[in-house]
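The values are calculated or read from the model by the stated rules, or taken from the named source; none is laboratory data. Keep in mind that what you see is a predicted model, and the values were worked out from it rather than measured. Because the Cβ atoms are built from the backbone with ideal geometry, glycine has one as well, and the counts that use them run over all protein chains shown. When the accessible area is computed, the model is the full protein with side chains, heavy atoms only, and any ligands, DNA or RNA have been set aside. Shrake-Rupley method; radii C 1.70, N 1.55, O 1.52, S 1.80 Å.
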Amino acid sequence: MKRIIPFLIGIFWLGLAQAEFWPEAALNESVPSLEAVVGHDHGEKISSPAQLDAYIRALASAAPDRTRLVQYATSWEGRPLSYLVISSEANIARLDTIKAGMQQLADPRNLDSSAASLLVRTLPAVVWLSYGVHGNEISSGDAALVLARHLLASGNPMFQRILEDAIVVIDPAQNPDGRARFVHHYEQHQGIEPAPSSIAAERREAWPNGRTNHYLFDMNRDWFALTQPETQGRIAALLEYYPLVHVDVHEMSTDSTYYFPPAAMPFNPHITDSQKSGLDTVGKVIANTFDRFGFDYFTREVFDALYPGYGDSWPAFHGSLGMTFEMASARGLAGARSDGTVLTYKDGVHRQFVATVGTLNGTVENRRALLNNFLEFRRTAAEDRRVYGFALDRNDPALVHQLAGKLTAQGVEVSVAAEQVRICNEAMPAGSVLVAAAQPAGRLVRTLLDEESPMAEAFLEEQERRRAKGLEVELYDILGWSFPALYGLEVTSCDGTIRGAIDSWQGTPAQTLPNESSLAWLVPWDSRASAEFLTKALRRDVVLHTSTNSFTQANREYPDGTLIIKVRENREDILETLQTLAAETGAEVIATNSSWSDKGSNFGSSNVRRVRPPKIALAWDEPTNSNSTGAMRHVIERQLGYPVTPVRTSDLGRPALDGFDVLILPNGGNYGDALGESGTERLERWVSEGGTLIGVAGAVRYLSATDMLPTKRERAVVETAESDEQEDSAMIEGTIIADQDQYESAIEPLKAAPDRIPGVLMRAAVDPDHWLGAGTRGTVNFMVTGRDVYDPLDLDEGTNVARFESADELLAGGHLWEENRQQWAFKPAVMVRSVGRGQVIGLVGDPAFRGYMNGLDVLTVNAVFRGPAYTNRSFAY
Ligand SMILES: [Zn+2]
């Protein structure tokens, strides 16, 4: 397009030879160009994940002595995730020794000072560059190729020095499925030249866009949670090297410029001063490099370092310098900015490349200081005295061991009590899981296991000031993520020591397998393992029942919800199936030869209900929130092992919905508009004919606006009693405003919504008498985001199966504004209402949030799998 050319920001570089990205680079032709391998040059096209992969493979074969290519994971859609190590021939030859050296430095407990200083003198700096965790942040992947090529093809002394003093690890595509989704979309919409308009279809992705992976996870939130195979593989790879610097390369809006560290407040309190000054030091070198090219940039204004699930924060808790880079995105080959200029794809590729060259120079120049800082970080972390204990008898053992597994997988040492031990003056029985922060990964332990990683007081005061003025608060993500709270675990914790014999944790203990029975088996409904047993048993066509009420057999009480599997209703090989399921899930399966109960129901009671394998539909596409939708699908399919059918919202009004027993509306925007009046009527009819409709978070707003859930959202509580009656008159009574406080009250909006909550963990008490609360241990934690607080259902309208705790007991993790804390207390968290032969369930917090709210899995399984047993649906079986 002719009109664009004069506005091209990167025009100076257009049409020049390869060295255009670094004028003095002088690239050697023995290393293949991108064009020779995939057919286009750097920045000319948006390389697909397959092309990124093909090029790093070509580089690895062209320079085998200076590279090592490692595949570290496979995406859900089967794409390889690989990193390419680039260094001097001598360094690559001793790469395993270098890795071993970093392992030694990472554990100073076994390192004397002369060995440590020898390592600091001789080890190169490992710099790990991760690109494109968000698949539609495109320029990063191609910039990775430019860097790899320059490192291998340029004889320039600067690049040579980097190879001698650094191990450069390049991961060009952390999220190949998301990038493939973007590139496919882009190619589908391309014409004869790029369309830079902000509304051009090629630059406007359809739901769910390429940011996320196959299950629509934002993998830049998954680093500590490790729910996705891409993250799991990456963490394992990083722990082999302990890089000194980890850079996560992103893109942001087209109108912005370039962002690199130092980061914005709030900082996580476990990030050290020497890390902050390290970021300043390297940041200044990047800035100098940008100034050389005249590229605009900014630092410190956004992108905080509080939440531990980012690619910049998680490595920092292991002692790395963690950085985020953000380039303005062309979101295509050309993007119009609001000032009339056009940003090209190549502009982005170039800046991303320059930023990483600056990083490498900054690291190499400060190699010894950074190695010393890393050593000091690991040494001082081990001085922490915090201890944590998880007793199995006070917790869900399956979740305790799941936590132990997650911590171990991210480089944390976890122990098990070999006998009864004491911590914090409490006895912990043998088998309890124990974690001491006194280890080199101690700071990671603290931020993952403490209830809160507090923000600085001064920062919070500034946010209160902003709130009072109605300004947006400067918080970028959720504020509560404590693992015990996510899993709903009771933790014993203090500064102290573990007294008694311990072993290191070796994995979840093997489950005792069920014996033969002539009548039935029982699965006590009391843990996540039993919930997973139910879903997997249904998938294998096991016929089973759930007892609404508890009962006692042979002096053991079987809680509400306990599963009953009868011999005569099942296939001949049922014992084998149950043994497999018990081993796979860890559920307790107990043989019984009698239906006689000493107390409570017998197996033939009407309180004992058949649980059938439900057909589950999940609303898909606009207006659902893609993260919430994907996470729900992931929890049911990949964590509980049961298939889900995604159904486009626009198809929910079709007759085929009758083929489903359960419909989940995930968190989302305006369902009312999306479904229209007729769609809503159709949905109500489906429910009244026996369907179980489950609305999550934003979908509760929709249900509450229909007849389906008779609750209303609340406005903010306003303290000042300004009279509404005066609104009709043109004038109001005169008032005196005497001070700043009164002035602030006077300008407070009367009908405002409550303040938005960025994301905190709130405790809720569960009604022990309702089938939906069975197996939940009385209290659960929800992740609450947004501003939708509801009025509790009246007794004749439905049941508030879970309600948030009192203001004093409410917060289970994170920071909550005082007004929110007061208003959310005692408000409903889970509501149920019978509608005709079916039912509507409203979940105010998202039980699948980021796939890591595993303390809510029993509740989810109650709603989705046991729920249909409590409708009067006529099953078509
Ligand atoms: Zn991003």
message = For a distance above 16 Å, tell me the whole-number percent of Cα pairs in region 732-810 that qualify.
response = 68 percent
inquiry  = Given the -39500 (n - 2.57) contribution per DSSP H run of 4+ residues, what per-residue ellipticity at 222 nm results for the chain, rounded to the nearest 500 deg cm²/dmol?
reply    = -9500 deg cm²/dmol
ask   = Looking at the chain, what % of its DSSP beta bridges pair antiparallel, to the nearest 5?
value = 65 percent
message = I'd like the orientation of helix 367-381 relative to the chain: the angle between its Cα long axis and the longest Cα principal axis, in ° from 0 to 90, rounded to 10.
response = 20 degrees
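Which of rounded, prolate or oblate describes region 195-235 when judged by the alpha-carbon gyration tensor and an a/c cut-off of 1.5?
Verdict is prolate for region 195-235.
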query = Which number comes out as Rg/Rh for region 434-578 once both Rg and the Kirkwood Rh are worked out on C-alpha atoms?
reply = 1.16
query = Over region 758-877, how many percent of alpha carbon pairs lie in each 5 Å bin up to the one with the longest distance?
reply = 2, 11, 22, 24, 19, 12, 6, 3, 1, 1, 0
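So if I take the alpha carbon set of region 580-711, get Rg, then get Rh from the Kirkwood formula, what is the Rg over Rh ratio?
1.08
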ask   = Using only Cα atoms, what is the ratio of the radius of gyration of region 179-297 to 2.2 N^0.38 Å?
value = 1.36
inquiry  = Given a 1.4 Å probe and heavy atoms of the protein chains only, how would you sort 385, 203, 568, largest accessible area at the top?
reply    = 568, 385, 203
query = In region 488-529, what is the volume of the convex hull around the alpha carbon atoms, normalised per residue and reported in Å³?
reply = 149 Å³
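Give me the one-decimal Kirkwood hydrodynamic radius in Å for region 245-342, with the sum taken over alpha-carbon pairs.
Taking every pair of different Cα atoms in region 245-342, averaging 1/r and inverting gives 14.2 Å.
Arrange the peptides 60-67, 177-184 so that the one whose residues have, on average, the most other Cβ atoms within 10 Å appears first.
177-184, 60-67
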Viscosity 0.692 mPa s, 37 °C: Kirkwood-radius Stokes-Einstein D of region 226-285 over Cα pairs, µm²/s = 231 µm²/s
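Report the Stokes-Einstein translational diffusion coefficient (µm² s⁻¹, integer) for region 503-635, Rh taken as the Kirkwood radius over Cα pairs, at 25 °C with viscosity 0.890 mPa s.
151 µm²/s
Just add up the charged neighbours of residue 517: K/R +1, D/E -1, any other residue whose Cβ is under 15 Å from the Cβ of residue 517.
-3
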query = If you take the charge dipole of the chain about its Cα centre, with +1 on Lys and Arg Cβ and -1 on Asp and Glu Cβ, which of 676, 706, 811 is farthest toward its positive end?
reply = 676
request  = Could you state the angle between the C-alpha long axis of helix 528-539 and the longest principal axis of the C-alpha atoms of the chain, as a value from 0 to 90 degrees rounded to the nearest 10?
outcome  = 80 degrees
key: log₁₀ of I(q)/I(0) at q = 0.12, 0.23 Å⁻¹ - region 352-432, Debye sum with one point per alpha carbon   = -0.59, -1.12
key: Radius 15 Å from Cβ of residue 471, net charge of other residues (Lys, Arg +1; Asp, Glu -1)   = -4
note = Dimensionless Rg/Rh of region 346-486, both radii on Cα and Rh by Kirkwood, sits at 1.11
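How large is the charge dipole for region 427-490, taken about the Cα centre, if only the Cβ atoms of Lys, Arg (+1) and Asp, Glu (-1) carry charge, to the nearest 20 debye? Please list the in-between numbers first.
Working: 6 positive and 11 negative charges, 21 e Å.
Computed charge dipole of region 427-490: roughly 100 debye.
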request  = For a quick protection proxy, order the peptides 461-469, 287-295, 621-629 by their average other-Cβ count within 10 Å, most packed first.
outcome  = 621-629, 287-295, 461-469
task = Take the alpha carbon gyration tensor of region 454-537, find the square roots of its eigenvalues, order them as a ≥ b ≥ c, and report rounded if a/c is under 1.5; if not, report prolate when a/b exceeds b/c, else oblate.
result = oblate
query = In the P(r) worked out for region 636-742, what percent of Cα pairs fall beyond 19 Å?
reply = 59 percent
query = With axes computed from alpha carbons, what is the tilt in degrees of helix 397-409 against the longest principal axis of the chain, rounded to the nearest 10 within 0 to 90?
reply = 0 degrees
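In cubic angstrom, how much convex hull volume per residue do the alpha carbon atoms of region 132-245 span?
Enclosed volume per residue, from the Cα hull, is 139 Å³.
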ask   = Considering the dipole of region 154-223 built from charges on the beta carbon (Lys and Arg +1, Asp and Glu -1) around the Cα centre, which of 154, 188, 201 is farthest to its positive end?
value = 201
message = Suppose a student asked you for the relative contact order of the chain, using Cα pairs under 8 Å spaced at least 6 residues apart; what percent would you report?
response = 10 percent
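Above 15 angstrom, tally the Cα pairs of region 548-603 and express them as a % of all pairs, no decimals. Don't skip to the answer; put the middle values down first.
Details: 821 of 1540 pairs.
Distances greater than 15 Å cover 53 percent of the Cα pairs.
Using the Cβ atoms and a cut-off under 9 Å, what net charge is assigned to the surroundings of residue 489, where Lys and Arg are +1 and Asp and Glu are -1? Don't skip to the end; give the middle numbers.
Details: positive: 394; negative: 396, 490.
Summing Lys/Arg as +1 and Asp/Glu as -1 gives -1.
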task = Once you have a ≥ b ≥ c as the square roots of the Cα gyration tensor eigenvalues for region 310-406, tell me rounded if a/c is under 1.5, and otherwise prolate or oblate according to whether a/b is larger than b/c.
result = oblate
request  = May I ask for log10 I(q)/I(0) of the chain at q = 0.05 Å⁻¹, from a Debye sum over the Cα atoms as equal point scatterers with solvent left out?
outcome  = -0.31
task = Starting from the Kirkwood radius over alpha-carbon pairs of region 42-180, derive D by Stokes-Einstein at 25 °C in a medium of 0.890 mPa s and give it in µm² s⁻¹.
result = 153 µm²/s
